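What follows is one structure encoded as structure tokens, with my remarks underneath.
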Amino acid sequence: MTTPLITNDAVVFGLLVSVLGLAFYTKSLGGKWDKFYTFIPVILVCYLVPSLMNSFGLISSAESNLWTIAKNYFLPAALVLMTLSIDLKAVIGLGPKALIMFGTAVVGIILGGPIAILIMSLFSPETVGGEGINAVWRGFATLAGSWIGGGANQIAMLDVYGYNPERFAAMVAIDIVVANIWMAFLLYGAGNPAPIDKWLKADTSSIEHLKTKMSTYTAETERVTNFTDLAVIFAIAFGAVGISHLVADFVPSLFADNELLKDSILSSTFFWIVVTATTIGLLLSFTRARQYEGAGASKLGSVFIFLLVTIIGTKMNILQIADAPLLFLVGIIWMLFHVVLLLLVAKIIRAPFFFVAVGSKASIGGAASAPVVAAAFHPSLAPVGVLLAVLGYALGTYGAILCATLMQMVS
């Protein structure tokens, strides 16, 4: 691994914030920039530019702590601020299509793994072969754990199936690169979902109703923000972050001695950070704190979300595909099956692209990126991503075991 040109996290963070600011500044200029951002949504620019910096050695996420800071501080703060003014009844009123698309996403991962291995075995059986701890299906079992649940499920599958730890790095690379290539497409679609919804013949009325309701409430409560407003908003956001970490420090230990639950998502610190932050935001939406939406609470939350997008971008190194191209091809076939199945079911039930995107990222990206993708459609939709991601964590281990069993059968 070559040393990147910039290794100081403070410098990298400044660079990423500059990319974010420059993207939105140029978007505000209008004219030829309007044409540019019509074809390449601003959120995709904020994602791809850092990924190119990482791919070509300007920066590197390998030794950086920025992602740890982002997911532990920026994400829970964003969740609180973006759920502060949410109408929970309206979110629930989005209907069953969200759950159907999430279920389809999970099925797509469970079936996609064995199908990808079967297809590759026809052309290059040695790529998906191996014996004992080096059996490739064992490695892909860890990928199934990550793509259905999250990092905790992935490590659990590594322990369960005993894949060679020396070869695990390749699976991590496939996980990051393939999942993030798909995320780039999702962010592009989130920037302009109308053509996709038209092709799907989707009924977007419930989503539009929620977005309109949120926008109307913001307009009704909007005021000139003063220093006190900003101080209170920051206090709410990071006070909730503190409480979330306090809960996450205490609750997982309650499950540590339970043989059935010690390896479950209930013992994950990050799980409790996300759940607690979201719960605090939802509880505050029933109080006078909801009025701080008019002072820019969700706008500040959106800033945190876009910071997350830029930092997630640094995790993708497209050049890693050259290290194990055929293994990456298995991952790509796997992901393509997942995507095709999602679009097919969405077409049949006329589900909006929003449910396709969030259903997919709730399993593949989990709570770290599902609300990011949801918020790319509208800030008021972030809780949908969180709720589905939590469901993904719960199903991760069971789905991965089923997927691993099927992969072993076709290997």
Item to check | Gained length - Asp9 relative to Ala256, 0.36 nm times residue gap less alpha-carbon distance | outcome: 85.6 nm
Checklist entry - What does the highest-first list of 284-297, 331-344, 41-54 look like by mean Cβ count within 10 Å? => result 41-54, 331-344, 284-297
Checklist outcome for this item: Tilt, helix 325-349 to longest principal axis of the chain (alpha-carbon atoms), in degrees rounded to tens, equals 50
Checklist entry - Taking springs between alpha-carbon atoms closer than 10 angstrom, which of Pro125, Pro193, Pro379 fluctuates most in the Gaussian network model of the chain? => result Pro125
Item to check | Cα-centre dipole for the chain with unit charges at Cβ (Lys and Arg positive, Asp and Glu negative), debye to 20 | outcome: 1160
Checklist outcome for this item: Proxy exposure order for Ser267, Ser244 (fewest C-beta within 10 Å first) is Ser267, Ser244
Checklist entry - Angle, helix 269-284 long axis vs. longest principal axis of the chain, Cα atoms, 0 to 90°, nearest 10? => result 30
Item to check | Order of Leu81, Leu16 under a 10 Å beta carbon neighbour criterion, fewest first | outcome: Leu16, Leu81
Checklist entry - Label Trp199 and Glu131 with points 7 Å out from Cα along Cα→Cβ: what is the distance between them in nm? => result 4.7
Checklist entry - In nm, what is the difference between 0.36 nm times the number of residues separating Glu222 and Leu246 and their Cα-Cα distance? => result 5.4 nm
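Bear in mind these aren't lab numbers, they're just calculated from the coordinates by the rules spelled out. Quick caveat: nothing in here was measured; it's all calculated off a predicted structure. Note: ideal-geometry Cβ built from the backbone for every residue, glycine included; neighbour counts use all protein chains shown.
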